[in-house]
1. Collect the residues in region 189-208 that are part of a loop (DSSP other than H, G, I, E, B) and of a type in the set (Gly, Ala, Ser), keeping them in residue-number order.
2. Here are the criteria: (1) in contact with a Leu (Cβ under 7 Å, 6 or more places away or on another chain); (2) in a helix (DSSP H, G or I). Tell me which single one residue 290 does not satisfy.
3. For region 308-354, give me each residue that is β-branched (Val, Ile, Thr), surrounded by 15 or more Cβ atoms within 10 Å (Cβ to Cβ) and closer than 14 Å to residue 298 by Cα.
4. Does residue 302 meet the test of being assigned to a helix (DSSP H, G or I), under 18 Å from residue 337 (Cβ atoms), open to solvent by less than 10 Å² (accessible area, probe 1.4 Å) and modelled with pLDDT of 95 or more?
5. Sort out which residues of region 88-108 are in contact with a Lys or Arg (Cβ under 7 Å, 6 or more places away or on another chain) and within 12 Å of residue 48 (Cβ to Cβ), and write them in order of number.
6. Are there any pairs, at least 6 apart or on different chains, whose C-beta atoms fall under 6 Å, with the first in region 115-127 and under 20 Å from residue 276 (Cβ atoms) and the second of a type in the set (D, E, K, R), and if so, which?
7. Of the conditions (1) free of Cβ contacts under 8 Å to residues at least 24 places away in the same chain; (2) assigned to a helix (DSSP H, G or I), residue 221 clears all except one; give me its number.
8. What residue, of 87, 113, 91, 100, is over 24 Å from residue 71 (Cα atoms) and in contact with a Leu (Cβ under 9 Å, 6 or more places away or on another chain)?
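The values are calculated or read from the model by the stated rules, or taken from the named source; none is laboratory data. Please read these numbers as outputs of a predicted model, since none were measured by experiment. Glycine gets a Cβ as well: all are built from the backbone with ideal geometry, and neighbour counts include every protein chain shown. Each accessible area value is taken on the protein alone, full model and side chains, heavy atoms only, with ligands, DNA and RNA left out. Shrake-Rupley method; radii C 1.70, N 1.55, O 1.52, S 1.80 Å.
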Amino acid sequence: MKTCIVTSDFHVPGETFINRHIEHAFGGNTCVLTGRFNGADPFGKPLFVRRAPLSTADKLRAPFAMGWNAAIEGTGRLPFGDNRQRLADWLHAQQVQVILAEFGTQALVVAKLGAALNIPVFTYFRGTDASFALRSKQIVRAYKRMMPRLAGVFSVSQFLLDNLAAHGVTHPNAHVVPSGVDIRRFTPGPKTPGSFLAVGRMVEKKAPQVTLRAFASAARGREAHLTFIGGGPLLESCKAMAADLGIAAQVTFTGALPHDQVRAHLTTTETFLQHSVTAKNGNTEGLPTAIQEALACGCITLSTWHAGIPEAVEHGINGLLVDEWDEQGFASGITQLLNMSDRSAMTAAARATAVAKFDNAVLLAKVETVIRDTIA
């Protein structure tokens, strides 16, 4: 079944869930509609760049068309004029049978056109699009207008569907399907005692400062080491904080790393730390891929009661959970794990959770089944 995958930017190496769909959905019978193209195309799929230079006629139409679409549809990014016709012709030439928009905000761009062309459109809510985006009354109104045009909705967590429903945004054909992980590549290896790992952008909703201070409180002077993987605006301040806390020798900041190197770290890490919080602007996680990968590698996970994380981390079974911003509780969790004489049961439970819930081959098959059954 020829599927058009819609994304805002292509190619983004860290967006493993989107790249998996592009490469493997329906046997790889896909094409890509992107807002921006950065020049890297590892999959060799037919590509349409939505933000290509406008024709002269479209430049003249743009102020009215974009203003009208923003007011009525909730986004000024809807294709119009010559560009809309060019996209419609491309979808027809590619013989697209279904469109999968990888974020709710991207579905706003294509839902109306898909309905006009009689091409079923599905979307995937993943985090920001069902949290921070909902602070905009315009987006909420646009989502409500969009839902009847969609054939179905996926979400990485029930939390996000509930969040949408709380704003009156629902769809009768909605399914929770986490992003998943390749459990055949992400597997446990020999664990380094006292090893801790945090992975992700050093940004507010990851609260790296809380993780760092909690680790210092619990592990300073003990046989324990924390590795931070990821870049971002808080990286340099966290490096300085580690020195101020007297734990510079117990913390390694790698910056951003390729996915294979992240996997290598997870394989040997004993405990995965992710103190996710709701950002001041309302932005939340969906169900972090990093946590799913950590569980697959048998990492005990210490995280927060945040968004979809409790749908993966079972407190006291495969990890521990604390309230958002509970720095003392997070430190106590680190202490509890360090003092645990035998962590093998939690390590095994982590791996078992990933195998049962987050096998990406199973989850991709579920997405394909839902799409086939819906449009049959």
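1. 189, 194, 200, 207
2. With (1) in contact with a Leu (Cβ under 7 Å, 6 or more places away or on another chain); (2) in a helix (DSSP H, G or I) applied to residue 290, the lone miss is (1).
3. Within region 308-354, 313, 347, 353 meet the criteria.
4. Judged against the criteria, residue 302 is not a match.
5. Scanning region 88-108 gives 94, 96.
6. Partner pairs satisfying both residue conditions: 124/102; 127/285.
7. Tallying (1) free of Cβ contacts under 8 Å to residues at least 24 places away in the same chain; (2) assigned to a helix (DSSP H, G or I), residue 221 fails exactly one: (2).
8. On inspection, the qualifying residue turns out to be 91.
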